[in-house]
Amino acid sequence: MPKILVDADACPVKAEIKQVAEQFQLEVIFVASFNHYSVNTNGENWIFVDTGKESADMRMMNIANKGDIIVTQDIGLASILLAKGTYVFSNRGELYQEEEMSLMLDIRYRHAKERQQGKYSKGPKAMSDQDRSLFKDRITTFLQNK
């Protein structure tokens, strides 16, 4: 049975993930840094890791298995986990594809270089209720067809 792993530090769709997991009776594991620690986890499965830059990513890579479902907005992490045979969704419900990763990583690299030169873009737009609903619909449809 697959599990859902969530890169939880900045994930805006935790409630939707919990609803879908309950519907399909899947285990959810939220992975976050100690910066986001809370004693009130409402009985959810949370793993808290060091605050180091890649700590959450490393833990997710170590516990992910082929067939698991991952939710992250980190393209680098998505690329690595796709190679492990997992299914990776963005916070907006986009299912990442291995054949798209080279281009996405290249774009990420170019944006990082621009930021080093002092050029900043606006970043992603804020999540709307419609975006949350679309995420939930996409992951639900994926699980129904799996």
* **Percent antiparallel among DSSP beta bridges (both partners in the chain, rounded to 5)** => 5 percent
* Asked: Expressed as an acute angle from 0 to 90° and rounded to the nearest 10, what is the orientation of the C-alpha long axis of helix 101-116 relative to the principal long axis of the chain?
  -> 50 degrees
* To do: Please list, in chain and number order, the residues 5+ apart from Ile47 or on another chain whose amide H is under 5 Å from its amide H, with Hs placed from the backbone.
  => Phe30, Val31, Ala32
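Give me the net charge of Tyr120's neighbourhood, meaning all other residues with Cβ under 14 Å from the Cβ of Tyr120; Lys, Arg count +1, Asp, Glu -1.
Within the 14 Å Cβ shell, the charges total +4.
Accessible area of the chain with a 1.4 Å probe: how many percent of it is carbon plus sulfur?
Looking at the chain in its full context, I get 48 percent from C and S.
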* Which of the lysines could a cross-linker bridge to Lys122, judged by Cα under 18 Å and excluding same-chain residues fewer than eight apart? -> Lys113
* Asked: Which ³J(HN,Hα) values, rounded to whole Hz and listed in residue order, are derived for region 76-91 from phi using the Karplus coefficients 6.51, -1.76 and 1.60 in 6.51 cos²θ - 1.76 cosθ + 1.60 with θ = phi - 60°, glycine and proline given as x?
  -> x, 5, 4, 4, 5, 6, 4, 5, 7, x, 8, 9, 10, 10, 7, 5
* **Top of Gln25, Gln73, Gln130 by mean-square fluctuation, Gaussian network on the chain, Cα under 10 Å** => Gln130
* Asked: Across region 8-17, in residue order, what do the Karplus-derived ³J(HN,Hα) couplings come to in whole Hz, using 6.51 cos²θ - 1.76 cosθ + 1.60 with θ = phi - 60° and x for Gly and Pro?
  -> 8, 3, 10, 7, x, 10, 4, 4, 5, 4
* Structure fact -> Taking N as the number of residues in the chain, the ratio of its alpha carbon radius of gyration to 2.2 N^0.38 Å works out to 1.05
* Sequence ranges 64-72, 136-144, ranked by mean other-Cβ count within 10 angstrom, highest first -> 64-72, 136-144
* Structure fact -> In whole Hz, the Karplus estimates of ³J(HN,Hα) for region 133-146 (6.51, -1.76, 1.60; θ = phi - 60°; x where Gly or Pro) are 5, 5, 4, 4, 4, 5, 6, 5, 4, 4, 5, 5, 8, 7
* To do: Could you list, in their original order, any pairs among Lys66/Lys125; Lys18/Lys53; Lys84/Lys146 whose Cα atoms are separated by more than 22 Å?
  => Lys66/Lys125; Lys18/Lys53
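The values are calculated or read from the model by the stated rules, or taken from the named source; none is laboratory data. The shown structure was predicted, so the numbers you read here are calculated from the model rather than taken from an experiment. Cβ: placed from backbone, ideal geometry, glycine included. Neighbour counts: every protein chain shown. These area figures cover heavy atoms from the full protein model, side chains too; ligands, DNA and RNA do not enter into them. Shrake-Rupley method; radii C 1.70, N 1.55, O 1.52, S 1.80 Å.
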